[in-house]
1. How long are the three semi-axes of the equivalent ellipsoid for the stretch 152-214, computed from the Cα gyration tensor as the root of 5 times each eigenvalue, in whole Å, largest first?
2. GNM on the chain, C-alpha springs below 10 Å: top fluctuator among Ala64, Ala251, Ala211?
3. Please list 3J(HN,Hα) in residue order for the stretch 281-286, calculated via the Karplus relation 6.51 cos²θ - 1.76 cosθ + 1.60 where θ = phi - 60°; whole Hz, with x for glycine and proline.
4. Between Ala74 and Leu274, what length in nm is gained on full extension when 0.36 nm per residue of separation is reduced by their alpha carbon distance?
5. If R0 is 51 Å, what FRET efficiency do you get for Ile210 and Ala242 from their C-beta distance, rounded to 0.05?
6. Enumerate the amide H contacts of Leu111 below 5 Å, restricted to partners 5 or more residues apart or on another chain; note that Pro and chain-start residues carry no placed amide H.
7. Mind putting a number on the dipole of the stretch 171-309 about its Cα centre? Charges go on the C-beta only, +1 for Lys and Arg and -1 for Asp and Glu, and I need it in Debye to the nearest 20.
8. Can you tell me which of 28-37, 110-119, 44-53 comes out highest on packing, and rank the rest after it, using the mean Cβ neighbours within 10 Å?
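The values are calculated or read from the model by the stated rules, or taken from the named source; none is laboratory data. Keep in mind that this is a model prediction, so the values were computed, not measured. Here Cβ is always computed from backbone atoms with ideal geometry, including for glycine, and neighbour counts include all displayed protein chains. Only protein heavy atoms, including side chains, enter the accessible area calculation; ligands, DNA and RNA are left aside. Shrake-Rupley method; radii C 1.70, N 1.55, O 1.52, S 1.80 Å.
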Amino acid sequence: MPASSRILGTGRGVPPRVMTNHDLSRLVDTSDEWIVERTGIRERHILDPALAASDLATQAGLQACARAGVAPSAVDCIIVGTVTGDCPFPSTAVYVQKKMGALAGGCAFDLSAACAGFIYGLALGDNFVRRGQFRRVLIIGVEVLSRIVDWQDRSTCVLFGDGAGAVLLGPEDDPRRGVLSTHLFADGSYSEILHQPAGGSREPISPEGIAAKRHLVKMNGREVYKHAVRNMAQASKLALEANGVDPAEVAWVLAHQANLRILEGVAERVGIPLTRFYLNVDRYGNTSSASVPTVLDEALELGKIKPGDLLLMTALGGGLAWASALVRW
């Protein structure tokens with residue numbers, strides 16, 4: 001069995017339509033200055049109504065395969081982290097499998113860990129590869145949050161955007177390279193500070209629920225901020241300690257792009273300057289599970305990441321679910 005898994009290729013799917021803060025100010029009582037000061041976000045991407053999460057995920061997945069030099073038909077496992085899949089069932093992953101032309105009869109499933117979904121998927125994929133169960137595991141984080149946002153609630157609609165990011169994992173014989181460790185956490189005690197109340201078996205969609213906007217995102221921003229800073233920082237420190245790594249050795253932090261203030265708080269607590277956090281929150285907003293793989297793909301595309309670099313990943317989302325990972329490029 002391989003000593004570890006490593007990322008063979010990355011990709012992203014980004015809708016061409018851009019919604020700026022000025023555009024938002026025509027829909028809700030807000031302004032570019034108000035949004036930037038509180039979040040660091042200037043614009044976000046919005047998916048065409050004719051398309052779905054699987055379309056963005058397929059775009060990201062195909063790009064990851066192309067960059068890895070691996071045919072889609074060789075992908076024997078697809079893991080999609082999302083809370084805005086194409087439909088309640090089947091999984092978005094099976095649609096991606098079909099659209100990509102991935103191995104028929106291979107494994108394909110979704111997981112729900114909100115903004116931590118990609119790192120949760122990375123942990124599963126890493127273990128699949130290490131055990132020799134699958135050789136080519138595609139992990140995709142994809143969200144179409146524009147479909148579940150209340151566009152009259154300025155406390156939430158200014159934050160979210162649509163997008164997808166993907167990585168293709170394969171076996172690695174050098175234990176010093178690849179995915180070094182992953183760390184996953186959850187605490188259901190805080191499930192209602194960030195959630196979508198209606199749409200499941202507990203509260204099915206109804207005319208009354210729609211009128212009350214129960215099918216849209218509800219968030220207690222102050223509480224989310226507090227837990228995000230504390231838990232992402234703690235998970236990051238744990239990843240470093242587990243591998244005997246000093247914060248000064250980390251080349252880049254690829255953190256969930258929820259809010260610039262959150263990232264500033266994490267940087268201060270972990271002891272890694274914000275200049276070593278790759279940021280795209282200003283151009284993408286919060287894309288939930290797509291956030292971490294998107295910053296990874298952009299940083300690679302721009303030549304920021306070099307062979308041997310240590311990459312620290314961390315995220316927190318509804319659940320509450322949070323996670324971290326350390327990767328040697």
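1. In descending order the semi-axes read 38, 16, 13 Å.
2. Result for the chain, Cα springs under 10 Å: Ala211 fluctuates most.
3. Each residue's phi maps through the Karplus curve to give 4, 5, 9, 10, x, 8 Hz.
4. Gain on stretching Ala74 to Leu274: 68.1 nm.
5. On the way: r = 46 Å, r/R0 = 0.90.
It comes to 0.65.
6. Val80, Gly81, Thr82
7. Roughly 500 debye for the stretch 171-309.
8. 110-119, 44-53, 28-37
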